[in-house]
């Protein structure tokens, strides 16, 4: 105990270590299930890689395409500790989500803003209202038929 009397700050070291570990654990992006992703770095996630691709003139779309070749058609992108996006690049999965399993998913405001300029009346940019339902039925008329049977 003589060492603790000479160096009282040593008694606080375990508590300080636990607090630092807890903060690090809180601020590290979390994986979503078994969805593939890059290494999760404290606070920043994939943001530096995306920023680097933009600086090199590659663009975010090409970076996402490269990531889908590495990780597969479904991957997650982490833009910090609290913002995670799931990217689906497989056309069959996208069709399945938009026509059959749309109730299982929520579409973000970011997605609506991104696709709103390109296709303002598409399923990816419309709010779920009467127009969205009409467009969905136009893509998948069989679902209307089965709903009456």
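Bear in mind that the values in this text are calculations on the coordinates, not laboratory data. Since we're looking at a predicted model, the values are computed, not measured. In this analysis, Cβ positions are derived from the backbone assuming ideal geometry, glycine residues included, and neighbour counts consider all displayed protein chains.
On the stretch given as the stretch 43-81, residues that are in contact (Cβ under 8 Å) with a residue 24 or more places away in the chain and assigned to a loop (DSSP other than H, G, I, E, B) total 8. Filter the stretch 95-110 down to the residues that are part of a loop (DSSP other than H, G, I, E, B) and surrounded by fewer than 10 Cβ atoms within 10 Å (Cβ to Cβ) and list them by number. Within the stretch 95-110, 106 is the sole residue that qualifies.
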